[in-house]
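Okay, so here's the structure we're looking at.
The values are calculated or read from the model by the stated rules, or taken from the named source; none is laboratory data. As the structure is a prediction and not an experimental result, all values here were calculated from the model. Cβ placement follows ideal geometry from the backbone for every residue including glycine, while neighbour counts extend to all protein chains displayed. For accessibility, only protein heavy atoms count, side chains too; no ligands or nucleic acids. Shrake-Rupley method; radii C 1.70, N 1.55, O 1.52, S 1.80 Å.
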Amino acid sequence: MAGSSEEAPDYGRGVVIMDDWPGYDLNLFTYPQHYYGDLEYVLIPHGIIVDRTERLGKDIMKDIGYCDIMILCVLKGGYKFCADLVEHLKNISRNSDRFVSMKVDFIRLKSYRNDQSMGEMQIIGGEDLSTLAGKNVLIVEDVVGTGKTMRALLSSIEKYKPNMVKVASLLVKRTPRSDSFRPDYVGFEIPNLFVVGYALDYNEYFRDLNHICVINEHGKEKYRV
């Protein structure tokens, strides 16, 4: 599904979906009837998301070395990916000879920025970040675009001197505004498209869509606020 390439694969980029990837016809899948006419195509089917998330869980456990983990889920779009990833991590822990303690907390990021640069970022929710001191922290995010927000979050967390900080993102967008930030674990690298589904929303709609899809202009206008 990632298209053809003569170059050696870069597994650090995750599953790479090329710009000319046509996606899957919507008629090949089931999805909520109330979104009929609002979508262009399925970019990533739900089953592929589940399988890729399972592999990320194995990679994370192998890399972190079966130590206790503090997971920070970035809401709202990251909750579904985080829930599925944590379940895979717990399954690996249950079937190993060493128990891995996992604690999950939730934060929201509110950024004040103009069109060109990042301003102040406010972290909403979660416990006092000072409790991260000495911990192994895994940040779970839905989409990394420019990377500026994630860099700001990492800067805030690192002030409290955690033992380790890793970032897992379901999606990374190829965008000309990117500052070259790369998460430690990437599910899929995708073109610079506006995608919905699997908890990713457009004005709070489409979170109940299991597949990751590209919204069409009719859908944008229908749910515009």
field: Failed item, numbered, when Glu221 is tested on (1) open to solvent by less than 60 Å² (accessible area, probe 1.4 Å); (2) without any contact (Cβ under 8 Å) to a residue 24 or more places away in the chain
entry: (1)
Matching residues, the stretch 195-215, being under 14 Å from the mean Cα position of the chain (by Cα) and aromatic (Phe, Trp, Tyr): Tyr198
field: Members of the stretch 106-134 that are modelled with pLDDT of 90 or more and open to solvent by 70 Å² or more (accessible area, probe 1.4 Å)
entry: Phe106
field: Hits in the stretch 28-49 (condition: open to solvent by 40 Å² or more (accessible area, probe 1.4 Å), more than 16 Å from Tyr205 (Cα to Cα) and in contact (Cβ under 8 Å) with a residue 24 or more places away in the chain)
entry: Phe29, Tyr41, His46, Ile48
- request: Filter the stretch 86-100 down to residues that are open to solvent by 60 Å² or more (accessible area, probe 1.4 Å), outside any helix (DSSP H, G or I) and out of contact with any Phe, Trp or Tyr (no Cβ under 6 Å at 6 or more places or on another chain) and give me whichever is modelled with the highest pLDDT.
  value: Asn95
- prompt: Just to be sure, is Lys103 over 19 Å from the mean Cα position of the chain (by Cα) and modelled with pLDDT of 90 or more?
  reply: no
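This table checks each residue for (1) open to solvent by less than 40 Å² (accessible area, probe 1.4 Å); (2) of a type outside the set (S, T, N, Q).
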residue: Asn136; (1), (2): yes, no
residue: Ile139; (1), (2): yes, yes
residue: Arg151; (1), (2): no, yes
residue: Ser155; (1), (2): no, no
residue: Leu170; (1), (2): yes, yes
task: Considering only the stretch 180-190, state which residues are open to solvent by 50 Å² or more (accessible area, probe 1.4 Å) and not basic (Lys, Arg).
output: Ser180, Asp184
query: If you scan the stretch 58-85, which residues turn out to be touching a helix residue (DSSP H, G or I) at 6+ places or on another chain (Cβ under 8 Å), touching a residue at least 40 places away in the same chain (Cβ under 8 Å) and either part of a helix (DSSP H, G or I) or of a type in the set (Lys, Arg) (or both)?
result: Ile60, Phe81, Leu85
